[in-house]
Each structure stands twice: as C-alpha cells, then as structure tokens.
Amino acid sequence: MTIKYQNEVWNNKKVILGEPDQIDALNLLIGFHGAESTAENMLVQGNRLKLKNTLLVFPEGPIDAGEGRWSWWKDGPGQQKSVEGFLSFTDTIIQSAISHFENRSINQISLWGFSQGAAASLVYALLGSHKIDKVASVCGFLPELPETERENSTTTSILGIFGLNDEVVPAFLAEHALDEFQNKGYPTKTLETKQGHEVTSENLDELINFFTA
C-alpha cells in the first residue's frame with residue numbers, strides 16, 4: 001500500500017492529507033497534534049500506524065502559539081469560549097474532508113490525538129456536530145467545557161491510554177476524562193500504562209487494533 005501525502009489549505013489553515021492508492025470503501029481518520037506543536041509532528045506518529053484503506057487528515061490547530069507552533073484552544077481565563085471556537089473550526093475541517101474525498105466511499109469517521117490533541121478528540125466526540133465512530137486518546141484529558149444542551153450519540157467507541165509516569169497530564173486527570181465517557185454510556189476501553197508523556201510503539205499497536213476492529 002502506498003500513501004500519497006499533500007498539503008491543502010482548509011478554513012485558512014494548513015492540513016496534511018494522506019491518501020492511499022486503494023479505491024475501496026475507506027475510513028477517514030483525523031489526527032490532532034498536541035499543544036504548541038505542528039501537524040507534521042502528528043504526521044510522523046500517524047504514518048507509523050500503517051492502517052489500510054484509511055484516509056489520513058492532520059490539521060493545524062487554529063491558535064497561534066508562536067514560532068510556527070499551534071494549539072487547539074487557549075488555556076486559562078476564557079478557555080470555554082476558546083473551546084467553542086475549536087468545535088466550530090473542527091466542524092469545518094470535517095466537512096471539508098468529506099467534500100474533498102467525495103469521490104471515495106467513506107465508511108466511518110474517527111479521531112485520535114496526543115495530549116491536547118487527545119483532549120480535542122474527546123471534546124469533539126462529546127460536543128461536535130458530526131457523528132464520530134471511534135476516538136482514541138493518548139495522554140488526554142478534558143478542558144473546561146462550554147455550556148451546551150447538545151447530547152451527542154453515545155455510540156462512539158472510546159479508547160483511552162494514559163501513563164502513571166506522565167508529568168504533563170497526571171494520570172488522575174486522564175482517568176477522570178475517561179470515567180466521564182463511561183458514566184455517560186459510551187463504550188470505553190481504558191489502558192493504564194507505566195509510560196510518560198509520549199506515544200509508544202505499544203500505544204501504536206493498540207491504536208491499530210482499535211481502528212481496524
């Protein structure tokens with residue numbers, strides 16, 4: 001399988017696309033980078049997944065963190081409003097992906113991310129406008145959420161991986177986020193490891209199994 005990568009501009013932001021050469025029905029997988037990071041950093045991890053029949057999308061976050069790095073929302077005061085902006089931004093990104101790949105038959109839409117990108121995936125599963133089939137979080141958490149009456153379908157499958165030695169996202173925060181999904185009735189699988197704040201080869205194996213199941 002060969003994947004062709006190219007850069008696009010959607011919603012005035014750079015997006016890296018990975019399109020396989022197969023013409024079968026495909027899955028759409030959107031990968032969110034961490035805070036103060038880049039789409040290229042997420043591309044490196046996503047390329048290691050070696051998923052078949054999967055359209056890969058790596059968007060650049062909307063918040064300028066300086067020095068060519070980006071985030072999904074602002075921390076601190078006003079975070080709720082910033083998260084609302086992230087949701088609108090991601091609505092547009094997903095719709096742009098659907099339109100861009102309209103010549104392909106997309107079976108499912110899934111999200112994954114690392115750190116703040118993992119949090120972004122979880123937030124969108126809860127509050128986003130598009131139906132999401134699967135979400136994988138590596139070292140993720142939940143930010144301060146905007147108030148909303150939206151009640152998304154709880155059929156989205158959730159995989160959460162977090163490490164006991166993570167000094168950036170403490171294990172209790174990651175576990176709390178996943179408990180929120182489990183308590184709301186989402187099918188949730190939680191994996192507690194001894195890792196730090198990183199994406200390990202073992203994580204990638206779990207992600208491959210999750211997205212191909």
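The values are calculated or read from the model by the stated rules, or taken from the named source; none is laboratory data. Bear in mind the structure is a predicted one, so any value in this text is a computation, not a measurement. Neighbour counts are summed over all protein chains in view; Cβ atoms, including those assigned to glycine, are modelled from backbone coordinates with ideal geometry.
Within the range 99-119, identify whether any single residue is free of Cβ contacts under 8 Å to residues at least 60 places away in the same chain and surrounded by 18 or more Cβ atoms within 10 Å (Cβ to Cβ), and answer yes or no. Spell out the reasoning first.
Taking the range 99-119 first, the residues free of Cβ contacts under 8 Å to residues at least 60 places away in the same chain are 99, 102-103, 119.
Narrowing the set further to residues that are surrounded by 18 or more Cβ atoms within 10 Å (Cβ to Cβ) leaves 119.
There is at least one residue in the range 99-119 that is free of Cβ contacts under 8 Å to residues at least 60 places away in the same chain and surrounded by 18 or more Cβ atoms within 10 Å (Cβ to Cβ).
Name the residue that is modelled with the lowest pLDDT, counting only residues in the range 145-178 that are exposed (fewer than 14 other Cβ atoms within 10 Å of the Cβ) and among the acidic types (Asp, Glu).
GLU149
How about the range 50-75: which of its residues are out of contact with any helix residue (DSSP H, G or I) (no Cβ under 9 Å at 6 or more places or on another chain) and either exposed (fewer than 14 other Cβ atoms within 10 Å of the Cβ) or in contact (Cβ under 8 Å) with a residue 60 or more places away in the chain (or both)?
ASP64, GLY66, GLU67, GLY68
For the structure I just gave you, tell me whether GLY140 is among the small types (Gly, Ala, Ser), assigned to a loop (DSSP other than H, G, I, E, B) and under 23 Å from ARG48 (Cα atoms). Don't jump to the end; show me each part of the working.
On the way: among the small types (Gly, Ala, Ser): yes; assigned to a loop (DSSP other than H, G, I, E, B): yes; under 23 Å from ARG48 (Cα atoms): yes.
Judged against the criteria, GLY140 is a match.
What is the number of the single condition among (1) in contact with a Gly (Cβ under 7 Å, 6 or more places away or on another chain); (2) surrounded by 17 or more Cβ atoms within 10 Å (Cβ to Cβ) that SER96 does not meet?
SER96 satisfies all of (1) in contact with a Gly (Cβ under 7 Å, 6 or more places away or on another chain); (2) surrounded by 17 or more Cβ atoms within 10 Å (Cβ to Cβ) except (1).
Among residues belonging to the range 72-98 that are closer than 15 Å to ILE16 by Cα and small (Gly, Ala, Ser), point out the one that is farthest from the chain's Cα centre (by Cα).
If we take residues in the range 72-98 being closer than 15 Å to ILE16 by Cα and small (Gly, Ala, Ser), then SER96 is farthest from the chain's Cα centre (by Cα).
Would you confirm, using the coordinates I've provided, whether SER129 is free of Cβ contacts under 8 Å to residues at least 60 places away in the same chain, surrounded by 18 or more Cβ atoms within 10 Å (Cβ to Cβ), outside any helix (DSSP H, G or I) and not aliphatic (A, V, I, L, M)? Break it down stepwise before answering.
On the way: free of Cβ contacts under 8 Å to residues at least 60 places away in the same chain: yes; surrounded by 18 or more Cβ atoms within 10 Å (Cβ to Cβ): no; outside any helix (DSSP H, G or I): yes; not aliphatic (A, V, I, L, M): yes.
No; evaluated as a whole, the condition is false for this residue.
Which numbered condition trips up TYR186, out of (1) assigned to a loop (DSSP other than H, G, I, E, B); (2) closer than 16 Å to GLY34 by Cα?
Checking TYR186 against (1) assigned to a loop (DSSP other than H, G, I, E, B); (2) closer than 16 Å to GLY34 by Cα, the one that fails is (2).
Given ASN209, ASN107, which one is at pLDDT 95 or above, within 23 Å of ASN53 (Cβ to Cβ) and outside any loop (DSSP other than H, G, I, E, B)?
Of ASN209, ASN107, the one residue that is at pLDDT 95 or above, within 23 Å of ASN53 (Cβ to Cβ) and outside any loop (DSSP other than H, G, I, E, B) is ASN209.
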